[in-house]
Amino acid sequence: MTHPIALNQPGKKMLLLGNEAIARGAIEAGIGLAAAYPGTPSTEVMETLILAAKDLGFYVEWSVNEKVALEVAFGASITGIRSLVAMKHVGVNVAMDSLVSLGYTGVNGGFLLVSAEDPSMHSSQNEQDNRWIGILSYIPVFEAYNPHEAKELTRYLFGFSEDHETPVILRTTTRLSHTRGVVEYGEIRDRKVKGKFERNIGRWVLLPRNARIRREIQLSRWEKIMDAVNNVPFNWIEDNGAEDGVIAVGSAYGYVKEAAASIEKSFDILKISSSVPFPMKLVDKFLEAHPRVLVVEELEPVVEMSIKNSFYGSSDVEIRGKDLVGYKGELNLDRVYKALSEFLGLPYKGKEDYQRDIPIPGRPPVLCPGCPHRATFFALRKAVNMSRVNAIYPGDIGCYTLGVQPPYEEVDTTISMGSGIGIANGLAHTQDNMVIATIGDSTFYHAGIPGLINAVYNFSPLLLVVMDNEVTAMTGDQPNPGTGYTALGRGAERIPIEDIARGVGVKRVKVVDPYNVKETLNALKDLISYIKDEGKPGVLVARRECSLVYVRRVRRKGEVIPTYYVDDDKCTGCRICVDQFACPAIFMVGDKAWIDESMCTGCGVCDQICPFKAFQMRGI
């Protein structure tokens, strides 16, 4: 049965996430290839395309990192295939080396990069406005304000890309990516999935002599794009006959329209979707009609500064923006309402006049019940103590970053994907404590291998602990090269992490099941001793299936998950299970431990760490 996202039923209305709407737009545009690396808030774009790929016959893949994903999509575009690559904002940093050069080469088949940004850092290490990258690379950037427009804009941009032979960036933010809205389907055009490569060394080989020629072509192309965006149908002026004007960029338009309904004074609106380059003729027309203008956009003042720079000295219009809206965090109705009130000279009444706040209890993230990483952190702390060493713990980005929290406190740095090993190299040569880097399996494949090669080559005395739960867990259990299957579920060759470690020259590599605490503890002690004695790197691969994947798999088979309970007669209330292991399924009730069996996954680690054997398996 055809998946609903792939139905060719123009006029059909569906309630879709913004990311799902983007995928639908790509489907309607006749996409032939999609590649991505998972990262919140971008992941659902690719996951939705995967659902449609088999029905519609186009190729999709989870690539090992964002740079490779970009290059896969670009390779398809060279042959005339419409292609899409999706990633979160920091993933664009990984892809930058190639992305900037695509501004020189241009593309053949429509090429769309979905850059999903995360204002307020709901699941990211920074706020980053990738419209600056569009300016740097001379690649146009577009933004939508709701899911339906995201679908329509995506469809439109593949044609725009081909018309101007340019890559295009579609910028989204968390609120758009994860907001649901009514999306009306359009017709799915015929797609091309097999193209033809035409050799063109002058275009595709960026030797300096070729790059200098392509630079001239790039600048000429940019002039045409600057003119073309004035006619993009997703930019428009709403004339309410008002003296004051507001320029609303991308998702800000929705907030401006909603706030306008509660503000007594009217204003005209210029709605912009092409933020880089901005539609200069439309803006010029808007400035001529309004002595005062407020620019509302999320994160950085990209459009505000571009307008001020372009019209400096030629316009006496008062342009306000970030001085009223503010920089940090995602936009919300209250921020926009307050900025508009001040701009229009109206009293700010406070959000209690138009929206009701419902207090929501805090929910700090924790490792799931049965998570193998918890057992690894527990054994690692014990091994360090028993080995009588002081340790520094450079960490990485994944579920295991939660090891920063008590009681583990075994993550001392987290900067970017794979950076833990790189930082560990520097620490290993500049201080005397044991350096223990932690990384996940997907992140190891993504960006960890070069750092490990560096450690071998430069004799860096460090321990690398790879927490391998056999899936890209943090973003929703996507496969990776160690999983054994592809995005479409096709069986694939596993690429064991331990084989890579041995292949790059690591002499001491151990593989353990973290649920076996004694085995893990002994392996860690041995590796710490080896590193102290030999001054070379060692690797521990702690491999156990993600507990969420395990629970789903067992339940689908109709099997019963064994659970544990506490024998009150044996429990002394020592609190080791709560204070040192901290499984969220274990609580203290009075002076005794207690297990919420609805949360228990039957890992049995609690039984191993309890000195009084108070944890017992429930009979099945």
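Since every read-out is calculated from the coordinates, none of them should be taken as a lab result. Just so it is clear, the model here is predicted, and its values are computed rather than measured. Using ideal geometry, Cβ is built from the backbone for each residue, glycine included, and neighbour counts are taken over all protein chains shown.
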Quotient of C-alpha Rg and 2.2 N^0.38 Å, computed over region 72-178: 1.01
Under the Karplus relation with 6.51, -1.76 and 1.60 and θ = phi - 60°, whole-Hz ³J(HN,Hα) for region 604-619, x at Gly and Pro, equal x, 5, 4, 5, 6, 8, 6, x, 10, 6, 7, 8, 10, 6, 6, x
Per principal axis, descending, Cα span of region 159-237 in whole Å: 50, 36, 25
How large is ³J(HN,Hα) for each residue in region 203-214, as worked out from phi by the Karplus curve 6.51 cos²θ - 1.76 cosθ + 1.60 (θ = phi - 60°), to whole Hz, x for Gly and Pro? 9, 8, 10, 8, 5, x, 5, 6, 4, 5, 5, 5
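Evaluate the relative contact order of the chain (contact order divided by residue number), counting alpha-carbon pairs under 8 angstrom at least 6 apart; express in whole percent.
Details: 1304 pairs, mean separation 66.6, N = 620.
With pairs under 8 Å counted, the relative contact order is 11 percent.
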Can you sort Val471, Val232 so the residue with the fewest Cβ neighbours within 10 Å comes first? Val232, Val471
If eta is 1.002 mPa s and T is 20 °C, what Stokes-Einstein diffusion coefficient results for region 372-554, Kirkwood Rh from Cα pairs, in µm²/s? 133 µm²/s
Degrees separating the helix 18-28 axis from the principal Cα axis of the chain, which is the longest one: 60 degrees
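Looking at the calculated P(r) for region 4-231, what percent of the C-alpha pair distances fall above 31 Å?
Numbers: 3903 of 25878 pairs.
Distances greater than 31 Å cover 15 percent of the Cα pairs.
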Ratio of Rg to Rh over region 456-530 (Cα coordinates, Kirkwood Rh, two decimals): 1.03
Calculated over region 176-317: convex hull of Cα atoms, volume per residue (Å³): 192 Å³
Using the alpha-carbon centroid of each, what span in Å lies between region 535-571 and region 398-473? 23 Å
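With viscosity set to 1.306 mPa s at 10 °C, what whole-number translational diffusion coefficient in µm²/s follows for region 479-620 from Stokes-Einstein and a Kirkwood radius over Cα pairs?
Numbers: Rh = 17.9 Å.
It diffuses with D of about 89 µm²/s by this estimate.
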Write down, largest first, the equivalent ellipsoid semi-axes of region 1-56 in whole Å, where each equals the square root of 5 times an eigenvalue of the alpha-carbon gyration tensor. 18, 13, 10
Please arrange Lys570, Lys518 by how many other C-beta atoms lie within 10 Å of their C-beta, fewest to most. Lys518, Lys570
Per the Cauchy relation, a quarter of the hull surface: what is the mean projected area of the convex hull of the alpha carbons in region 1-136, in nm²? 8.7 nm²
Sorted by Cβ neighbour density within 10 Å, fewest at the top, the residues Ser310, Ser315: Ser310, Ser315
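On a 22 Å Cα-Cα criterion, which of the cross-link pairs Lys88/Lys151; Lys151/Lys265; Lys382/Lys510; Lys88/Lys510; Lys507/Lys532 come out too long?
Pairs exceeding 22 Å: Lys151/Lys265; Lys88/Lys510.
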Whole-Å distance, taken between Cα centres, linking region 174-202 and region 250-306: 28 Å
Ratio to report: Rg/Rh of region 137-205, with Cα atoms as the point set and Rh obtained by the Kirkwood method; give two decimals. 1.06
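Helix-derived [θ] at 222 nm for the chain: sum -39500 (n - 2.57) over DSSP H runs of at least 4, divide by residue count, nearest 500? The partial results should precede the final answer.
On the way: 21 runs with 226 residues, N = 620.
For the chain, the value works out to -11000 deg cm²/dmol.
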Around Gly134, with a cut-off of 14 angstrom between Cβ atoms, what is the net charge of the other residues, counting Lys and Arg +1 and Asp and Glu -1? -2
Intensity falloff of region 363-474 expressed as log10 I(q)/I(0), Debye formula with alpha-carbon point scatterers, at q = 0.20 Å⁻¹: -1.05
Evaluated over region 236-353, the Cα radius of gyration and Dmax, each in Å: 13.1, 42
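Can you give the charge dipole size of the chain about its Cα centre, rounded to the nearest 20 debye, using +1 on the beta carbon of Lys and Arg and -1 on the beta carbon of Asp and Glu? Present the calculation step by step, with values, prior to reporting the outcome.
Working: 68 positive and 75 negative charges, 354 e Å.
Charge dipole, the chain, about its Cα centre: 1700 debye, nearest 20.
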Could you compute Rg(Cα) / (2.2 N^0.38 Å) for region 560-617, with N its residue count? 0.98
